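Peer 1: Next up is a structure, given as structure tokens.
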Ligand SMILES: [Mn+2]
């Protein structure tokens, strides 16, 4: 390990909050995982990998870090109370949004997206969500809880946000049946919307203020094997970045998250990929 590098996103020197456009918020929260545990180690693993990234981006011919990226201290997990945890996330998100920061939240399980989206919606009443995931996450309840990771998009839809979901290839009959009633949710199944069709879709999404939520299991297991619930038939790197580049060029994006990375000790490709994807999104946004 290179001890000379600060333990921050990109190994960047600490800067003042006022000098930062982008705020990295690590939230190692894991309470309602379905299968393989470990998402609580996601933020740490992303930060660690990100310290070895090249900070020049050849695709945009830019140095995105020059726009100011600050890594906040991680939000310490409240294991006994999901409500308390969500309140902690809300309060930090609120402060950052008031200061006009772009928050990039690192999960942790997907349920952490809800409080951040809710705070952004207060500032941007017409907030819409781009959602990358293998799963629809539209269950009303899962294992007796409405705040499970498997319900997060249902809760966000109830805030009145229009949601555009991509990479979906795992959905329950209950969720499928409720889809016609959820007029603000637009599901793009992976077996239909893939390759160039997916990238082209970025151009036909309505204008507005957007939040991007990326469950890393949207990717194919050959790209990202380290996630809680793995599904075959996912996205490739160039499908995802091709879509994001095109989407961000034509839309205003105000915040984002990357969740559900469950790093293994022996294989770090997933964590490096997550770090690079975050930096790519920062590069695309900074380019505008
Ligand atoms: Mn998922």
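The values are calculated or read from the model by the stated rules, or taken from the named source; none is laboratory data. Everything quoted here is computed from the prediction, not taken from an experiment. Every residue, glycine among them, receives a Cβ derived from its backbone with ideal geometry; neighbour counts consider all protein chains shown.
Peer 1: Pick out the one residue from 42, 19 that is at pLDDT 95 or above, surrounded by fewer than 19 Cβ atoms within 10 Å (Cβ to Cβ) and touching a strand residue (DSSP E or B) at 6+ places or on another chain (Cβ under 9 Å). Explain how you work it out, then say what you get.
Peer 2: Numbers: 42 fails: surrounded by fewer than 19 Cβ atoms within 10 Å (Cβ to Cβ).
19 is the lone residue from the list that is at pLDDT 95 or above, surrounded by fewer than 19 Cβ atoms within 10 Å (Cβ to Cβ) and touching a strand residue (DSSP E or B) at 6+ places or on another chain (Cβ under 9 Å).
Peer 1: Got at least one residue in the range 174-189 being more than 19 Å from residue 107 (Cβ to Cβ), away from the ligand (no atom under 16 Å from the Cβ), in a strand (DSSP E or B) and in contact with a strand residue (DSSP E or B) (Cβ under 9 Å, 6 or more places away or on another chain)?
Peer 2: yes
Peer 1: May I ask you to list pairs of residues, at least six apart or on different chains, whose Cβ atoms are under 6 Å apart, with the first in the range 110-127 being in contact (Cβ under 8 Å) with a residue 40 or more places away in the chain and closer than 16 Å to residue 259 by Cβ and the second being in a helix (DSSP H, G or I) and within 16 Å of the ligand (Cβ to nearest atom)?
Peer 2: 110/149; 110/152; 111/149; 111/152; 113/152; 114/152; 114/155; 117/156
Peer 1: List the number of the failed condition for residue 154; all other conditions in (1) within 16 Å of the ligand (Cβ to nearest atom); (2) touching a strand residue (DSSP E or B) at 6+ places or on another chain (Cβ under 8 Å) hold.
Peer 2: Among (1) within 16 Å of the ligand (Cβ to nearest atom); (2) touching a strand residue (DSSP E or B) at 6+ places or on another chain (Cβ under 8 Å), the lone unmet condition for residue 154 is (2).
Peer 1: Another question, if that's okay. Where in the range 1-107 are the strands (runs of 3 or more DSSP E), entirely inside, with at least 2 residues that are closer than 28 Å to residue 151 by Cβ and touching a helix residue (DSSP H, G or I) at 6+ places or on another chain (Cβ under 9 Å)?
Peer 2: Those strands (runs of 3 or more DSSP E) span 22-27, 102-107.
Peer 1: Is the range 126-149 home to any residue that is in a helix (DSSP H, G or I), within 23 Å of residue 28 (Cα to Cα) and within 11 Å of the ligand (Cβ to nearest atom)? Break it down into steps so the answer makes sense when it comes.
Peer 2: Narrowing the range 126-149 to residues in a helix (DSSP H, G or I): 149.
When the remaining residues are screened for being within 23 Å of residue 28 (Cα to Cα), the result is 149.
Pick out the ones that are also within 11 Å of the ligand (Cβ to nearest atom) and you get 149.
There is at least one residue in the range 126-149 that is in a helix (DSSP H, G or I), within 23 Å of residue 28 (Cα to Cα) and within 11 Å of the ligand (Cβ to nearest atom).
Peer 1: Sticking with this structure for a sec: Kindly indicate whether residue 214 is within 12 Å of the ligand (Cβ to nearest atom) and either in a loop (DSSP other than H, G, I, E, B) or touching a strand residue (DSSP E or B) at 6+ places or on another chain (Cβ under 7 Å) (or both). Before you say what the answer is, go through the steps one by one.
Peer 2: On the way: within 12 Å of the ligand (Cβ to nearest atom): yes; either in a loop (DSSP other than H, G, I, E, B) or touching a strand residue (DSSP E or B) at 6+ places or on another chain (Cβ under 7 Å) (or both): yes.
Criteria met by residue 214.
Peer 1: Residues of the range 220-275 being part of a strand (DSSP E or B), within 13 Å of the ligand (Cβ to nearest atom) and touching a strand residue (DSSP E or B) at 6+ places or on another chain (Cβ under 6 Å), which ones?
Peer 2: At the first step, the residues of the range 220-275 found to be part of a strand (DSSP E or B) are 227, 235, 252-259, 261.
Now narrow it down to the ones that are within 13 Å of the ligand (Cβ to nearest atom): 227, 235, 257-259, 261.
Result: 235, 257, 258, 259.
Peer 1: Let me ask you something else. Identify, from the list 166, 114, the residue that is under 25 Å from residue 45 (Cβ atoms) and part of a strand (DSSP E or B). Reasoning before the result, please.
Peer 2: Values: 114 fails: part of a strand (DSSP E or B).
Criteria check complete, one pass: 166.
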